[in-house]
Amino acid sequence: MNGQSRARLLAAALAAALLTAAVPSYAGPRDASAAADGRLGEATGFTADGDTYTVSSGDAKLRISFPDDDLFRVRLAPDGHFTDPANDDPADPEAPDADIVVKTDYKGAHSRHTETRDAYVIRTDEATLTVTKSPVTLALADEHGKQLWRETAPLSWSADGTAQTLGQGAREQFFGGGMQNGRFSHRGQSIDISRDYDWNDGGNPNAAPFYLSSNGYGVLRNTFAPGRYDFGAPVRTTHQEQRFDAYYFVGDAKQVIDGYTELTGRPALLPMYAMELGDADCYLHNANRGERETLRDSRAIADGYAKEGMPLGWMLVNDGYGCGYEDLPATGDMLHGHGSELGLWTEADLTEQESEVAAGVRVRKTDVAWVGPGYRFALDACEKARDGIEQHSADRASVLTIEGWAGTQRCGATWSGDQSGSWDYIRWQIPTYAGSTMSGQPVTTGDVDGIFGGSAETYVRDLQWKMLLPMTYAMSGWAASDKQPWRYGAPYTAINKKYLLLHERLLPYLYTHLANASKTGVGPTRPLYLNYPNDPDTWGDKAKYEFLAGDDLLVAPVYEDSDVRDGIHLPEGRWVDYWTGRVYEGGQTLDGYQAPLDTLPLFVRAGAVVPMFPEGTTDWAQGKKSGRLDLDLYPEGDSAFTLYEDDGRTQAAAKGESATQRITVSAPDARRRGPVDIRIGALKGAYDGKPAQRRYGLTVHTDTDPSGVRADGKRLREVASERALEAAPSGWYYDAGTGVVHVKTAQVSSGKQLTVRIDGAASVGGTHPEDRAVALHARTAAIGTIGESQQVDVAVTNGTGKPVTVTGSAVAAPEGWQVAAAGPTGTRALPDGGTFTARFTVTPPKGAAPGKYDLSARASYTTRQHGTYSVDTRTATTLAHSSLASAADNVGVTKQDDPKPGDIDGGGSSFIAERLAQKGVTPGAAVQANGFSFTWPDAAPGTPDNVTGKGQTVQVSGDEKGNALAFLGTGTSGTAEGTATVHYTDGTTTEAKLGFPNWCCLPADQYGAKTAITTKGKNTPAGPAYDTVDYRLYTKTLRIDPAKDVAAVTLPANSAVHVFAMDVGDEEVVPPAIPDGQYALAHTGGDEQLEAPGDTDAGQLRVGAASTSAAQKWNVTRNDDGTYQLKNAGSGLCADVAGSSQAAGATVVQYTCTGTANQQWNVTAQDGTLTLKARHSGLTLTAGADGLVVQSADEGGARQRWRATQN
């Protein structure tokens, strides 16, 4: 489809969406039968034709067909005429025509049926469907007669759609619905199945009309109509169309996902480069960063990854509205030279696919304009993006799309939308991606630390766990600080690199799981339920914030500002701490797991075989060409892994050009000693680049010093160290500290089997795995002072079940710091369950720079068996600036006859000292403003006097307490806001937004700031200017705990934020009129609810009969200044007074959310009702008698008052 056609169809689709919202799509005939009343009544006829059965009920007809033994389809036509709008070609040959169902060549079920007095009974080899006669209802049982589901009411239809009602099993669980942000398990909950631009917690940005049940079945509603699934008692699933069409799958969860993706399309297999970290930004017309050059500026970023030794798989070079690009072929060549691929963001059209692909484009990211109104339009858009790459190159496409549906998995990966980095963002994303796997969406992801907001700590924690996803990326250009993984400096850069390199090493493991998903639909990112369905603790909240990466890795991300992770559920079996080697018994929930900032809680299943690229790999192609494959082995009993390989990028894999290699391990059972045999099978198959020979590196976690190692019966030489092993052509050594046997084989033919035997070994953890059950925890003050000592406590806790001797402990600090023990560093006979704490002091040098510093700790101990072990951990402290004056880095005030030192705005401007003095603002003066008392910087004009936000931590002096920390400052852009962190003396923290309006020329009532001081004119490099323009300083407050003492504050990482002074005091607290949330808003003159008119920008809001439509769901969010934003969940657009009109009667429309005053609403509450007034005009949101919404003078009318109901 050409670009002009697509643009025309987008407009047509939007108009159709508007009509669909207003008019039911079916109005059936009326007669005396029960069917005319909107539900199936008594059966009036039955016919059988092979595997197809038709039941009549008055005018209505029910058709049941069995394509396979474990798959059947049920269709209802209230008027007796069957249609299939989800798969039939549209009348317009250029209209979007993607189908939900792509497999139509099933073998058939050879079903048979019988009739009883009360029912028709249809059987296959795997299922039995019973159709009762009066009324017509359905019940499904498996091959053993176990009931899977039963309708508690007949299928029904109305103007709101068609519904199926099922009984809820006593312990039945429900999963699926596509990507449901913040959720994976739905018993007792309702979920929306719709195109939804709510991309935060509670939204459904990539819904699918599919769910599965723990009872042993799944359902696909074969429709593009929006719906809602209520998994209460009874279960009720509804779609907004006057037809019913559903496929039912019989089997356990994995079998159902297999069947669902067989029907709707197998997931696309990503190229390996797409699994590496992606980078997105606008490198031409960047609205937030200014003008750029595509080649020059993208090269600088690619060079940055190379300099830091970090993998970069792909780059989107035009990710921003109106960005554009230039020099595309040269940019593609440059990225190829860096081992990366070129990608483009698709705003609204794909008109130059052939030339763009010729220039090297292999990645497409779609956005809302391209996917349009969603549903069939979005699925068609995904396929167009894929086809454009694959039809013009030999490579596989990488498509990252939004607003997916059933079938999207066959053309692309899905992302969860645009969000702001925070601890809460990390929390709700965990179940989002794991839950998506339950709908056959094997590759789902989101931006590292969001595209807005974020901080150094949330970036690290978010990147850590996303390195266990098959795909992720970082998007810059929207937050105050760009999102490349080195931006925050030490110690964060090193931690980020550690996990990027771990992900790179894990590519063979993760790629194999993706290859399996392309055959079975079951992706690697899984809720624990999928592998452990019989464990009730995996069904819901107890395992909500962890997931499996494949079969063998369990990931429990840290989603709070804490170095302790509670609530880690370990299912059956044994689990090995990836970092320490400690073995945990399954069937328990861990609390108190020590997780300093550099530690992601990560566990490996005992028996696991994890294939990896060699250490130091930074590029997938480098890993494949290295001539070496590493195997990380956790032996226990008999286990195996079948590795999948292909060329990593081309479409040849779809033609069967690939290879597999079976690795099996035979080892003693848990806690037993004996040989470990590793059989590395031949690499069977063929593909371009398949290695003829390869070397193997084995890390075998046995916690037992073996007596010898043999490869194909030949004894390997033992060496003394890892370095010696790297230098040797082959050999082995045992690392007693980690309990790992390292083996390196000679090069062998990849076409032959190799057997490695480790004699005198044991299962993972050895015969006494409890000997490693010693925990180490280091703690120090979160905020330190340069040149002053602070205490570090190193606590050793014994969990071995017997006494241990702590032989010593130590703390390591950065170079130049002094470390001294403040007491004993060890103890004898520490009892089981006991804790020994060694105390140290660390003193940073007086010349130390402010910033965050790592401190590491180690303790050694021995057990009764005379085993010697060591444990390590880390903590950190931030050396704060002693005052704002010591942190001052910008000149904001100059004398009118000496303006040159000033540069508050990046253009050489500054406040005029003489005019500030007229307001009482002089060096060292007390400044009273908005209820707070500030001390103005004691800095002479022309010298540094304010701090620009760069994430600095500054001590807060004084003993005052209050409920507010106040800042005196200004902004030098329209987006001078970011996250600040308040640190208390007890070690706790709180986060809040700190921002100031621009110092001139823009609205002064943003971010909740208040104007404090206004002067006329500013200094420019040439002297005073703009004498009629107001230049302002503001106050902004952060809410603090009045019972605590504030130690310091970390400023936002936004250099447009300028802080001159701080104060602690009290201010009046006004509770919000309405808590943030999603609501239906009904005027009090009736039950009609505020709704959006489809998906059209500038469409006028209206009120309509209450429904469950997303058009009547409003995300109400309080802004920093106390006003509210009303964002429609269906369209993603905001309530907006058209043209910023001040006139009564002006229309209220929906429009792209801009945050401007005509989209901000002052809300007041009285007697359970709300009044909403536009901030810019002061006029009231009013539902007119014609159902259209306007702003008007407030007269207290019922149609000007609104009731909010959470939905």
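The values are calculated or read from the model by the stated rules, or taken from the named source; none is laboratory data. Since this is a predicted model, take the numbers as computed values, not measurements. Ideal geometry is used to build each Cβ from the backbone, glycine not excepted, and the neighbour counts take in all protein chains shown.
Check 869, 861, 853 and return the single one that is aromatic (Phe, Trp, Tyr) and closer than 23 Å to residue 952 by Cα.
Details: 869 fails: closer than 23 Å to residue 952 by Cα; 861 fails: closer than 23 Å to residue 952 by Cα.
Exactly one of 869, 861, 853 is aromatic (Phe, Trp, Tyr) and closer than 23 Å to residue 952 by Cα, namely 853.
Based on this model, can you work out whether residue 1165 counts as more than 31 Å from the chain's Cα centre (by Cα) and in a strand (DSSP E or B)?
Considered against the rule, which asks whether it is more than 31 Å from the chain's Cα centre (by Cα) and in a strand (DSSP E or B), residue 1165 comes out as yes.
Taking the options 551, 563, name whichever one is modelled with pLDDT under 95, over 19 Å from residue 182 (Cβ atoms) and not polar (S, T, N, Q). So that I can check it myself, show each step before the final result.
Working: 551 fails: modelled with pLDDT under 95.
Exactly one of 551, 563 is modelled with pLDDT under 95, over 19 Å from residue 182 (Cβ atoms) and not polar (S, T, N, Q), namely 563.
Return a yes/no flag: does the stretch 478-491 have any residue that is closer than 23 Å to residue 616 by Cα, hydroxyl-bearing (Ser, Thr, Tyr) and modelled with pLDDT of 95 or more.
No, because not a single residue in the stretch 478-491 is closer than 23 Å to residue 616 by Cα, hydroxyl-bearing (Ser, Thr, Tyr) and modelled with pLDDT of 95 or more.
On the given criteria, is residue 227 surrounded by fewer than 24 Cβ atoms within 10 Å (Cβ to Cβ) and not aliphatic (A, V, I, L, M)?
Details: surrounded by fewer than 24 Cβ atoms within 10 Å (Cβ to Cβ): yes; not aliphatic (A, V, I, L, M): yes.
Spelling it out, residue 227 is indeed surrounded by fewer than 24 Cβ atoms within 10 Å (Cβ to Cβ) and not aliphatic (A, V, I, L, M).
Under 9 Å between Cβ atoms, which residue pairs at least 6 apart in sequence (or on different chains) link something in the stretch 851-868 that is in a strand (DSSP E or B) with a partner that is of a type in the set (Phe, Trp, Tyr) and surrounded by fewer than 18 Cβ atoms within 10 Å (Cβ to Cβ)?
That search, which allows pairs on different chains as well, returns 853/817; 855/817.
Only one of these is β-branched (Val, Ile, Thr) and farther than 26 Å from residue 59 by Cα: 152, 128, 162, 137. Name it.
Working: 152 fails: farther than 26 Å from residue 59 by Cα; 162 fails: farther than 26 Å from residue 59 by Cα; 137 fails: farther than 26 Å from residue 59 by Cα.
Step by step, each of 152, 128, 162, 137 is checked, and only 128 is β-branched (Val, Ile, Thr) and farther than 26 Å from residue 59 by Cα.
Of the numbered conditions (1) assigned to a strand (DSSP E or B); (2) over 25 Å from residue 958 (Cβ atoms), residue 1060 fails exactly one; give the number of that condition.
Against the list (1) assigned to a strand (DSSP E or B); (2) over 25 Å from residue 958 (Cβ atoms), residue 1060 comes up short only on (2).
Go through 974, 969 for me and flag whichever is modelled with pLDDT of 95 or more and not β-branched (Val, Ile, Thr). I'd like the intermediate steps shown before the answer.
Working: 974 fails: modelled with pLDDT of 95 or more.
Only one candidate qualifies: 969.
Give just the number: which of (1) of a type in the set (Gly, Ala, Ser); (2) outside any strand (DSSP E or B); (3) within 27 Å of residue 575 (Cβ to Cβ) does residue 823 not satisfy?
(3)
If we keep just the residues of the stretch 449-464 that are without any contact (Cβ under 8 Å) to a residue 60 or more places away in the chain and β-branched (Val, Ile, Thr), which is farthest from residue 486 (Cα to Cα)?
Looking at residues that are without any contact (Cβ under 8 Å) to a residue 60 or more places away in the chain and β-branched (Val, Ile, Thr), I get 451.
Of the residues that sit in the stretch 205-217 and are more than 13 Å from the chain's Cα centre (by Cα) and in a loop (DSSP other than H, G, I, E, B), which one is farthest from residue 230 (Cα to Cα)?
Here the residue is 216.
Can you find even one residue in the stretch 710-727 that is assigned by TED's automatic domain parsing to the domain that holds residue 620 and touching a helix residue (DSSP H, G or I) at 6+ places or on another chain (Cβ under 7 Å)?
As a first pass, look at the stretch 710-727 and keep what is assigned by TED's automatic domain parsing to the domain that holds residue 620: 710-727.
This time we only want the ones that are touching a helix residue (DSSP H, G or I) at 6+ places or on another chain (Cβ under 7 Å), so: 719.
Yes, because at least one residue in the stretch 710-727 is assigned by TED's automatic domain parsing to the domain that holds residue 620 and touching a helix residue (DSSP H, G or I) at 6+ places or on another chain (Cβ under 7 Å).
When both residues are 6+ apart or on different chains and their Cβ atoms are under 8 Å apart, which pairs have a first residue that lies in the stretch 94-107 and is assigned by TED's automatic domain parsing to the domain that holds residue 207 and modelled with pLDDT of 95 or more, and a second that is of a type in the set (Val, Ile, Thr) and assigned to a loop (DSSP other than H, G, I, E, B)?
Final answer for the pair search is 100/223.
For the stretch 754-763, state whether one or more residues are touching a Lys or Arg at 6+ places or on another chain (Cβ under 9 Å), outside the structural domain of residue 675 (by TED's automatic domain parsing) and either assigned to a strand (DSSP E or B) or within 30 Å of residue 637 (Cα to Cα) (or both).
Here is the first cut: in the stretch 754-763, the ones touching a Lys or Arg at 6+ places or on another chain (Cβ under 9 Å) are 754-763.
Subsequent filtering for residues that are outside the structural domain of residue 675 (by TED's automatic domain parsing) retains none.
Checked the stretch 754-763: no residue is touching a Lys or Arg at 6+ places or on another chain (Cβ under 9 Å), outside the structural domain of residue 675 (by TED's automatic domain parsing) and either assigned to a strand (DSSP E or B) or within 30 Å of residue 637 (Cα to Cα) (or both).
Considering only residues of the stretch 319-344 that are at pLDDT below 95 and within 23 Å of the chain's Cα centre (by Cα), which is farthest from residue 477 (Cα to Cα)?
Step by step, filter the stretch 319-344, then rank; the result is 321.
Any residue in the stretch 658-672 that's in contact (Cβ under 8 Å) with a residue 40 or more places away in the chain: show its pairings with residues that are crowded, with 18+ Cβ neighbours inside 10 Å and among the polar types (S, T, N, Q) at Cβ separation under 6 Å, as long as the two are six or more apart or on different chains.
Sorted first by the residue in the stretch 658-672, then by its partner, the pairs are 665/639; 667/763; 668/763; 670/763; 672/763.
On the basis of being hydrophobic (A, V, I, L, M, F, W, C), closer than 29 Å to residue 385 by Cβ, assigned by TED's automatic domain parsing to the domain that holds residue 212 and at pLDDT 95 or above, does residue 64 make the cut?
Details: hydrophobic (A, V, I, L, M, F, W, C): yes; closer than 29 Å to residue 385 by Cβ: no; assigned by TED's automatic domain parsing to the domain that holds residue 212: yes; at pLDDT 95 or above: yes.
No, not satisfied.
Can you report the number of residues in the stretch 678-703 which are crowded, with 17+ Cβ neighbours inside 10 Å and of a type in the set (D, E, K, R)?
Residues in the stretch 678-703 being crowded, with 17+ Cβ neighbours inside 10 Å and of a type in the set (D, E, K, R): 4 in total.
Going by the conditions given, is residue 580 hydroxyl-bearing (Ser, Thr, Tyr) and either over 25 Å from residue 438 (Cα atoms) or not in a strand (DSSP E or B) (or both)?
Taking the combined requirement at face value, the residue satisfies it.
Among the listed residues 599, 589, identify the single one that is touching a strand residue (DSSP E or B) at 6+ places or on another chain (Cβ under 8 Å), among the β-branched types (Val, Ile, Thr) and either closer than 22 Å to residue 184 by Cβ or surrounded by fewer than 17 Cβ atoms within 10 Å (Cβ to Cβ) (or both).
Numbers: 599 fails: either closer than 22 Å to residue 184 by Cβ or surrounded by fewer than 17 Cβ atoms within 10 Å (Cβ to Cβ) (or both).
When all the criteria are applied, what remains is 589.
Please count how many residues of the stretch 989-1013 are in a strand (DSSP E or B), free of Cβ contacts under 8 Å to residues at least 60 places away in the same chain and over 37 Å from the mean Cα position of the chain (by Cα).
Restricting attention to the stretch 989-1013, the residues satisfying the condition of being in a strand (DSSP E or B) are 989-995, 998, 1010-1013.
Add one more test, that the residue is free of Cβ contacts under 8 Å to residues at least 60 places away in the same chain, and what stays is 990, 992, 998, 1011.
Retained after the next criterion (residues that are over 37 Å from the mean Cα position of the chain (by Cα)): 1011.
Count: 1.
Determine the pairs where a residue that is surrounded by 23 or more Cβ atoms within 10 Å (Cβ to Cβ), located within the stretch 494-515, has a partner that is among the hydroxyl-bearing types (Ser, Thr, Tyr) with Cβ atoms under 7 Å apart, the partner being 6 or more residues away or on another chain.
Note: pairs meeting the criteria are 504/617; 504/618; 511/644.
Name the single residue, out of those in the stretch 857-869 being modelled with pLDDT of 95 or more and surrounded by fewer than 17 Cβ atoms within 10 Å (Cβ to Cβ), that is farthest from residue 783 (Cα to Cα).
Among residues in the stretch 857-869 that are modelled with pLDDT of 95 or more and surrounded by fewer than 17 Cβ atoms within 10 Å (Cβ to Cβ), the one farthest from residue 783 (Cα to Cα) is 862.
Among (1) more than 21 Å from residue 435 (Cβ to Cβ); (2) of a type outside the set (Ser, Thr, Tyr); (3) modelled with pLDDT under 95, where does residue 276 come up short?
Of everything listed in (1) more than 21 Å from residue 435 (Cβ to Cβ); (2) of a type outside the set (Ser, Thr, Tyr); (3) modelled with pLDDT under 95, residue 276 misses just condition (3).
Within the stretch 361-376, identify whether any single residue is of a type in the set (A, V, I, L, M, F, W, C), in a strand (DSSP E or B), crowded, with 21+ Cβ neighbours inside 10 Å and not assigned by TED's automatic domain parsing to the domain that holds residue 625, and answer yes or no.
Scanning the stretch 361-376 turns up at least one residue that is of a type in the set (A, V, I, L, M, F, W, C), in a strand (DSSP E or B), crowded, with 21+ Cβ neighbours inside 10 Å and not assigned by TED's automatic domain parsing to the domain that holds residue 625.
May I ask you to verify whether residue 168 is assigned by TED's automatic domain parsing to the domain that holds residue 40, surrounded by fewer than 23 Cβ atoms within 10 Å (Cβ to Cβ) and in contact (Cβ under 8 Å) with a residue 12 or more places away in the chain? So that I can check it myself, show each step before the final result.
Numbers: assigned by TED's automatic domain parsing to the domain that holds residue 40: yes; surrounded by fewer than 23 Cβ atoms within 10 Å (Cβ to Cβ): yes; in contact (Cβ under 8 Å) with a residue 12 or more places away in the chain: yes.
Criteria met by residue 168.
Is it the case that residue 187 is charged (D, E, K, R), over 18 Å from the mean Cα position of the chain (by Cα), surrounded by fewer than 24 Cβ atoms within 10 Å (Cβ to Cβ) and outside any strand (DSSP E or B)?
On the way: charged (D, E, K, R): yes; over 18 Å from the mean Cα position of the chain (by Cα): yes; surrounded by fewer than 24 Cβ atoms within 10 Å (Cβ to Cβ): yes; outside any strand (DSSP E or B): yes.
The answer is yes for residue 187.
For residue 1118, all conditions in the list (1) farther than 24 Å from residue 192 by Cβ; (2) out of contact with any helix residue (DSSP H, G or I) (no Cβ under 9 Å at 6 or more places or on another chain); (3) surrounded by fewer than 18 Cβ atoms within 10 Å (Cβ to Cβ) hold save one; what is the number of the exception?
(1)
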